[in-house]
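Here is the structure we will look at.
The values are calculated or read from the model by the stated rules, or taken from the named source; none is laboratory data. Since this is a predicted model, take the numbers as computed values, not measurements. All Cβ positions, glycine included, derive from the backbone under ideal geometry; neighbour counts span all protein chains shown. Note: accessible area is taken over every heavy atom of the protein model, side chains too, but ligands, DNA and RNA are not part of it. Shrake-Rupley method; radii C 1.70, N 1.55, O 1.52, S 1.80 Å.
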Amino acid sequence: MFAGLSAELLARFQFAFTVSFHFVFPAFSIGLASFLAVLEALWLIKKDNAYLKLFEYWKTIFAVTFSMGVVSGIVMSYQFGTNWAGFSDKAGPIIGPLMGYEVLTAFFLEAGFLGIMLFGLKRVGKELHFFATLMVAVGTLISATWILAANSWMQTPAGFAPSANGQLVPTDWMAIIFNPSFPYRLVHTVLAAYLTTAFTVGAVGAYHLLRNRENRQARIMFSMAMWMAAIVTPIQIGVGDLHGLNTLEFQPAKIAAMEGHFETHQGAPLILFGIPDDEAEVTRYAIEIPYLGSLILTHQLDGEVKGLKEWPRDQRPGALIPFFTFRLMVGLGFLMLGVGLWSLWARFRGTLYQSTWLQRAALVMGPSGYVAVLAGWYTTEVGRQPYTIYGLLRTEDSLSPIAAPAVGASLLTFIIVYFLVFGAGIFYMLRLMRRPPEVEDHELERAPNRAAGITPGPVQGAPLGGGHGA
């Protein structure tokens, strides 16, 4: 099945496959944890049980998402030892502590309060339960912070020095953590997680509104999701622009690949569509807008944008994948903005809950956040090639001494197991989302209040059905 593919290429496929499955779960759980905290806060402030029922509705979905994220993350981390021993050896003194800090702070915080959040409302009281929910939400954000610090350091390394044995050892932990791309990458990724959650919640709310427009819980979740889409999407576009300027400064070859430029331009056009040909070093069938590329990237009409020919072939990324994944991410971002602005217009007209086409659009856009974060991730990671640590450690030197058939066998196993296990988990989550969110008693509270056995008969002399219960 994988005949003719090198061990390096197969190992990259395997990591891309496992990280793709893993990334969609944190992208949802980060935003969903904050959404749960907001719902519980609104319940405590407004004393409205509708928010509590929505909290209970999404709490179960969060538990499934969180568990699948943990399992997929553990599996993914083992590949550093099995497939990427060269990387682990060179960067272990820096990456190892960063990953360890994530476990010691974020994971322990989440695990410590998750049980209280899921099962402890009637046992610990409202205030402590809300505190536990906040801690879970904070834990997801801390986890994202450490992981993105590690990944950002691989993109823009700082605060290190080579040791006598060739390892990269830390010299300034603050410079390592707050490396040049970290602030932009952190904000951009967290906002992407919030938008992913918003459009998931909005799609579920739209689905139930299309079935029953009087469902109050569906109205609440749809309204909150559309507020998030309308407010956060423009902020995300602005943050993305700042991130692009940072990438142009520190990783100009990645920008050249994303834009499909092989030649250096003063006043570069924006290529809306084309097909980059790395062998011929040209973007075929290019549809361009003159000067707009430089205006976006440098904020000057005649700003210089370097082309890929500025770097030797073995020191630059392939353009095909970053070119298309970047456009997919940006295109989905503007579609999100369109839905957000549409919802503002419908809200102004008082037709937010009656607009069938808006709700259909929100339903179709439900998966858009997941596609966008994966597209952005592929742009970032493929655009970093041929390095795992940008400018320092090449991908081919990061590989373990392992044969291609062994990597191919494990990749095939991962594909089969992941689709079975996580496919079942995703199917179960979709079933949970299909349940209508209604104000009703919890299922445990609707259970029989007597043990199995003979039901006592009515008290003698009392009317039928009016007996005193035990």
Original post:
Any idea how far the Cα center of segment 94-155 sits from the one of segment 206-222, in Å?
Top reply: 31 Å
**OP:** May I ask you to derive the relative contact order of the chain, considering only C-alpha pairs under 8 Å and at least 6 residues apart, and to give it as an integer percent?
**Re:** 20 percent
Original post:
Which order, highest average first, do 375-384, 59-68 follow once you tally other Cβ atoms within 10 Å for each residue and take the mean per peptide?
Top reply: 375-384, 59-68
Subject >> Which of Asp48, Asp397 is most accessible, then next, and so on - probe 1.4 Å >> reply: Asp397, Asp48
Subject >> Estimated [θ] at 222 nm from DSSP helical runs (n ≥ 4, -39500 (n - 2.57)) normalised by residues in the chain, nearest 500 >> reply: -22500 deg cm²/dmol
Original post:
Between segment 1-56 and segment 366-439, what's the alpha-carbon centroid distance in Å?
Top reply: 12 Å
Subject >> Set of lysines near Lys59 by C-alpha distance (under 27 Å), chain-local residues within fewer than 8 positions excluded >> reply: Lys46, Lys47, Lys122, Lys126
**OP:** Run the 1.4 Å probe and let me know the accessible area of Glu8, rounded to the nearest 10 Å².
**Re:** 50 Å²
Original post:
So what is the relative contact order for segment 217-303, in percent, with contacts set as C-alpha pairs under 8 Å and at least six apart?
Top reply: 23 percent
**OP:** Report the extension gain between Ile415 and Thr356 in nm, rounded to one decimal, defined as 0.36 nm multiplied by the number of residues separating them, less their alpha carbon distance.
**Re:** 17.4 nm
**OP:** Could you order Thr105, Thr133 by accessible surface area, starting with the largest, using a probe radius of 1.4 Å?
**Re:** Thr105, Thr133
Subject >> Two-site FRET efficiency, Ile275 against Phe348, from Cβ-Cβ distance with R₀ of 45 Å, rounded to 0.05 >> reply: 0.60
Subject >> Degrees separating the helix 368-383 axis from the principal Cα axis of the chain, which is the longest one >> reply: 20 degrees
Original post:
Quick one: with all protein chains in place, what share of the accessible area of the chain is carbon or sulfur, to the nearest percent (1.4 Å probe)?
Top reply: 67 percent
Original post:
Tally Lys/Arg at +1 and Asp/Glu at -1 over every other residue whose Cβ is under 12 Å from the Cβ of Lys254; what's the total?
Top reply: 0
Original post:
Can you list the residues of segment 59-101 with backbone N under 18 Å from a point 7 Å past the Cα of Arg435, pointing along Cα to Cβ?
Top reply: 59-68
Subject >> Relative contact order (%) - criterion: Cα under 8 Å, at least six apart; region: segment 1-122 >> reply: 27 percent
**OP:** Run the quick spin-label model on Trp311 and Leu5: label points 7 Å from Cα toward the beta carbon, then report their separation in nm to one decimal.
**Re:** 2.4 nm
Original post:
Which sequence of Lys309, Lys53, Lys90, Lys47 reflects their accessible areas, 1.4 Å probe, from the largest down?
Top reply: Lys47, Lys309, Lys90, Lys53
Original post:
If one takes the longest principal axis of the Cα atoms in the chain, at what angle in degrees, from 0 to 90 and to the nearest 10, does the Cα axis of helix 404-434 lie?
Top reply: 30 degrees
**OP:** With a probe of 1.4 Å, find how much accessible area segment 147-254 has per residue, and write the answer as a whole number in Å².
**Re:** 37 Å²
Original post:
Quick one: if the Förster radius is 45 Å, what FRET efficiency do Glu263 and Phe107 give, using the C-beta to C-beta distance and rounding to 0.05?
Top reply: 0.40
Original post:
What is the magnitude of the charge dipole of the chain about its Cα centre, with +1 placed on the Cβ of each Lys and Arg, -1 on the Cβ of each Asp and Glu, and no other charges, expressed in debye to the nearest 20?
Top reply: 1780 debye
Subject >> Accessible area (Å², 1.4 Å probe, nearest 10) - Met258 >> reply: 20 Å²
Original post:
Quick one: Cα centre-to-centre distance for segment 236-299 and segment 301-321, in angstrom?
Top reply: 9 Å
